[in-house]
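The values are calculated or read from the model by the stated rules, or taken from the named source; none is laboratory data. Since the model is a prediction, treat every value here as computed from it, not as a measurement. Ideal geometry is used to build each Cβ from the backbone, glycine not excepted, and the neighbour counts take in all protein chains shown. Ligands, DNA and RNA are excluded from the accessible area calculation, which covers all protein heavy atoms including side chains. Shrake-Rupley method; radii C 1.70, N 1.55, O 1.52, S 1.80 Å.
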Amino acid sequence: MLTGAGQKKKPSFCGIYNRYIKRAIDILISGIALCILWPLYLIIAVLIAVEDGFPIFYRADRGGYLGQPFRICKFRSMVKNADQIGGGTTALHDPRITKTGCILRKTKLDELPQIAQVFLGKMSLIGPRPELLRYVDAYSDDEKDILQVRPGITDFSSVEFINLDEIVGSENADEMYEKLVLKRKNELRIQYAHTVSLKVDALILFKTIGAVCRKICGVLKKEAKG
């Protein structure tokens, strides 16, 4: 896009909001959230340990801010060594998911440890969901713009693909993810990097809350019928 002076307009990730203001908001909100939510962290940790032992957390390498890999942290929702048993994409009715993990995934509570990573600067509250390194290494020039913003807990793709397991199905989940999801996710990630602003972040936040609430209500209705 060209400005009136004929100069190419810089994408939003070059702006002050992405570089400074967004980080200040992340520190403030994540700091408050950690102070409030720590009892919930303890409860979840106990439930995981009682059902399937330690470790409590799942950690895996992902593509990070400015191309620097980092280890994402989640509450463990699968059996130990799940990555060695199956692929990187969770399939529909994946047998690797524990009973506690099933609840955590349906309510998105497995993502809570990432709030600490937001506080530490590895992630942002809102931003492109961090991707597996093998996909990041294959980014095109346009897709590399995704790495100009910190990866986030939620983004446009989190809302659109909130029922990802249903989309990829129960077989060949990695293959179906690459075929049906990956390209669209990257398009949404690029869109975010090019339009990042307080208004866009607020929109994603409200969309995420709405999507999670609808998902939980859907799960409760299914269980009530069952």
* Asked: Quick one: which of A49, A45, A82 is without any contact (Cβ under 8 Å) to a residue 40 or more places away in the chain and within 20 Å of M176 (Cα to Cα)?
  -> A82
* Asked: Hey, among V219, V159, V168, which residue is surrounded by 19 or more Cβ atoms within 10 Å (Cβ to Cβ) and in contact with a helix residue (DSSP H, G or I) (Cβ under 6 Å, 6 or more places away or on another chain)?
  -> V168
* To do: Look at the range 182-202 and say how many of its residues are open to solvent by less than 80 Å² (accessible area, probe 1.4 Å), out of contact with any strand residue (DSSP E or B) (no Cβ under 9 Å at 6 or more places or on another chain) and either part of a helix (DSSP H, G or I) or modelled with pLDDT under 95 (or both).
  => 9
* Give just the number: which of (1) closer than 26 Å to P128 by Cα; (2) open to solvent by less than 80 Å² (accessible area, probe 1.4 Å) does I48 not satisfy? => (1)
* Structure fact -> Within the range 51-80, the count of residues that are more than 22 Å from Y135 (Cβ to Cβ) and open to solvent by 40 Å² or more (accessible area, probe 1.4 Å) comes to 7
* Would you check which residues across the range 127-153 are part of a strand (DSSP E or B) and open to solvent by 10 Å² or more (accessible area, probe 1.4 Å) and list them? => I153
